[in-house]
Amino acid sequence: MKDLLLYLLPIVILFIGGFTLMLVDAFQKEEGGLAVPTAMLHFAAAAAALALWPYAGNAADLARAQVAFNGWLAFDRTTLFLDITIALGGGLTTLLAGSYLAEHKLERGEFYTLITFASAGCMMLAGATDLIMLFIGLETLSLGVYALTGFRRTSARSQEGALKYFLLGSFAAALLLYGSALLYGMTGHTDLAGIRDALGRAVEMPAIAGQEGAAQFVAVQQTVRDRVTILAMVLVVAGLAFKVGSVPFHMWTPDAYEGAPTPATAYMAVTVKAAAFGAMLRVLIGVFGDTSGPASLAGGWPGLLVWLAVLSMLIGNLVALAQSSVKRMLAYSSIAHGGYILAAFVVAPRAESLAGGGGSVGQSAAAAVLFYLLAYTVSNVGAFGALILAGSRGKEAVSYEDLAGLGKRHPAVALALSFFVLSLAGMPPTVGFFAKYNVIRSAIEAGYPWLALAVVINSAIGVYYYLRVMVKMYMHDPQPGAVRAEPMSSPGISLTLIATAGMVLALGMMPQRFYGYALEAVKLAAAPIAAAPADAPPANAN
Amino acid sequence: MTIQISHYLILSALLFSIGAAGFLVRRNSLVALMCIELMLNAVNLTLIAFNRWMPANAGGAVPHHGHVFAFFVIAVAAAEAALGLAIVLSLYRIRKVVRTDDANLMKE
């Protein structure tokens with residue numbers, strides 16, 4: 001039993017670290033110096049998750065852990081993969097924040113505490129297998145990120161972004177909660193395994209069996225349950241879609257991204273996405289992805305989600321074309337990236353049924369989601385990091401015009417920005433290419449050629465505005481008299497960017513290997529989710 | 001007439017709809033905050049009504065998941081309201097506005 005507590009290590013490191021940071025910040029005389037310890041905490045959490053990886057390979061151990069924690073959290077490799085992604089994203093953005101906050105005179109210790117707690121919330125959300133846990137994780141990360149968005153207290157834009165993000169985010173959380181409450185009412189369970197199990201059975205009413213009209217009554221109850229379950233599912237998915245900023249729930253994204261201090265933007269772009277997509281994976285594929293139940297829901301939602309995916313890609317990309325601010329362009333492009341990931345979701349359950357329940361194609365789609373999240377994390381942190389490096393106090397690089405001529409003035413910075421932008425655009429040999437390739441391949445394998453085509457066309461649109469960044473930097477000269485971005489000199493950011501670039505290249509050079517890890521991660525995830533309910537009723541149910 | 005589960009559920013659905021409609025229609029950020037609170041409380045009512053209605057399990061006891069969930073919602077709602085008011089106040093200090101329509105610096 002005690003050894004099972006080790007499974008909590010990544011989350012515990014971040015929580016204890018967060019409290020320690022709070023104390024240190026309260027008692028130290030001058031601000032600053034917390035960036036490196038915070039990053040170390042994140043990397044320690046990543047290392048802990050990595051060390052747990054071999055132990056999470058045993059289905060019996062996983063079932064035992066599932067019982068020990070009352071089915072609140074899963075400790076399978078899906079969780080660990082997402083934990084590593086989240087910790088990596090959080091650690092790298094903290095390193096960027098260290099130099100950024102000092103440069104822009106924003107250095108206050110709360111930033112690091114908030115980011116640490118938010119990362120812990122992300123991990124809780126990514127590992128949650130209970131609706132209560134899912135909600136707490138979601139709110140822990142959201143409250144942290146709202147505060148990070150409004151961190152620049154003297155800037156009206158920052159506060160506006162925070163207000164919009166907060167209001168729409170809370171609204172989304174309320175939708176998700178109402179969906180959760182209805183699911184609880186329909187099944188009597190808050191744990192996902194129990195919900196899946198209960199929905200897999202037809203409604204039974206032993207108390208009235210044999211009485212007159214009992215069969216009709218049960219049939220009515222069944223219809224009610226099915227309809228309410230669908231409503232609940234839509235509400236839960238809408239709440240999560242809000243968090244990942246997919247169309248039509250994307251309104252907050254550009255304003256929050258633009259208003260937030262750039263490292264906070266990078267943070268919410270990568271970690272929140274990873275955590276929310278992880279939760280979506282568990283809810284949509286884990287609970288509603290079963291195509292064999294009597295009232296199978298897996299037939300219904302892909303048809304709806306495909307519109308979200310295609311619209312996210314299309315609207316994200318088309319609006320990104322029209323932006324004059326690079327930060328806003330990255331915001332809309334993140335909506336588009338969310339669309340590509342959703343495309344893999346659409347494919348997963350359909351593929352499962354095609355493959356006859358075993359679902360190797362469905363697994364490859366789920367693995368494509370995980371791989372995409374990792375790839376997006378390293379590429380996006382790099383892009384935002386290069387954007388931070390390109391500006392200094394009073395001369396921030398925000399719009400395309402700020403970047404004009406940067407290639408001539410500061411070739412190294414321009415090269416870094418170009419490299420990460422190319423990875424986001426999906427150019428080989430960077431990892432962005434293979435992330436998209438996996439999505440497209442699983443779409444074709446699952447018999448969705450037109451969805452694959454949509455991803456390809458949208459990637460092509462994306463290339464246009466990503467290349468525009470490079471065209472501005474290398475082929476345009478700044479307008480005479482215009483404010484130009486002046487790169488800051490920061491060895492910390494430079495080192496972070498070199499490390500990130502190394503990861504982008506390593507992932508891009510050995511995609512099969514890392515995709516293999518992602519595949520391993522989803523293979524074992526399916527087992528405990530399906531197996532837990534029958535033999536492991538939650539211990540707190542007495 | 002006896003009060004049944006359905007009455008509670010209809011009431012909570014109404015409260016939730018009023019909250020959601022108010023959030024979408026009203027432009028004052030403080031009213032929007034109140035609407036969110038209304039929605040969260042509608043959720044609490046739903047949870048508790050459902051829990052009351054849950055059949056006992058094999059041991060003869062009724063599981064308390066719904067009650068526990070409601071407590072967590074209450075705690076989180078309080079934290080959320082604190083943060084929300086802080087953000088509204090912070091924006092008011094800079095721009096002297098509380099209406100969401102006036103928060104339009106970033107429209108393009």
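Values computed for the structure shown
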item	result
Mean accessible surface per residue for the protein assembly as shown, computed with a 1.4 Å probe while every protein chain stays in place, in Å²	38 Å²
Estimated buried accessible area (total), pair A and B, 1.4 Å, Å² to nearest 100	4100 Å²
Potential extension, residue A:47-residue A:409 segment - 0.36 nm per residue separation minus Cα distance	126.4 nm
Out-of-range pairs (alpha-carbon distance over 26 Å; input A:273/B:96; A:273/A:436; A:105/A:408; A:327/A:436; A:105/B:96; A:164/B:96)	A:273/B:96; A:105/A:408
On Cα atoms only, tilt of B:65-95 relative to the major axis of chain B in degrees	10 degrees
Nonlocal amide H pairs with residue B:28, under 5 Å, H built at 1.01 Å	B:100
Trypsin sites (Lys or Arg not before Pro) within region B:54-108, DSSP loop, no more than 12 other Cβ atoms inside 10 Å	B:96, B:107
Shielded by partner chains, region B:48-85 residues - at least 30 Å² of accessible area, 1.4 Å probe, vs chain alone	B:50, B:54, B:65, B:69, B:72, B:76, B:80, B:83
Between 0 and 90°, nearest 10: helix A:214-244 axis offset from chain A longest Cα axis	10 degrees
Rounded Å value of the spacing that divides the Cα centres of region A:303-354 and region A:146-221	24 Å
Residue A:226 accessible area, assembled protein chains, probe 1.4 Å, Å²	50 Å²
Interface residues, region A:145-177 - accessible area loss of 30 Å² or more versus chain alone, probe 1.4 Å	A:156, A:157, A:159, A:160, A:163, A:164, A:166, A:167, A:170, A:171, A:174, A:177
Amide H contacts of residue A:399 (H built 1.01 Å from N, under 5 Å, at least 5 apart or other chain)	A:326
Within region B:48-91: backbone nitrogen closer than 14 Å to the residue B:2 label point (7 Å, Cα to C-beta)	B:53
Whole-Å distance, taken between Cα centres, linking region A:58-110 and region A:385-448	24 Å
Potential extension, residue A:214-residue A:234 segment - 0.36 nm per residue separation minus Cα distance	4.2 nm
Exposure of residue A:105 as accessible area (Å², to 10), given a probe of 1.4 Å and all protein chains	150 Å²
Spin-label zone in region A:157-190 - amide nitrogen under 19 Å from a point set 7 Å from the Cα of residue B:68 along the C-beta vector	A:177-178, A:180-190
Descending principal axes extents, chain A, alpha-carbon based, whole Å	88, 55, 42
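The values are calculated or read from the model by the stated rules, or taken from the named source; none is laboratory data. Keep in mind that this is a model prediction, so the values were computed, not measured. Every residue, glycine among them, receives a Cβ derived from its backbone with ideal geometry; neighbour counts consider all protein chains shown. Side chains included, ligands, DNA and RNA excluded: accessible areas come from the protein's heavy atoms. Shrake-Rupley method; radii C 1.70, N 1.55, O 1.52, S 1.80 Å.
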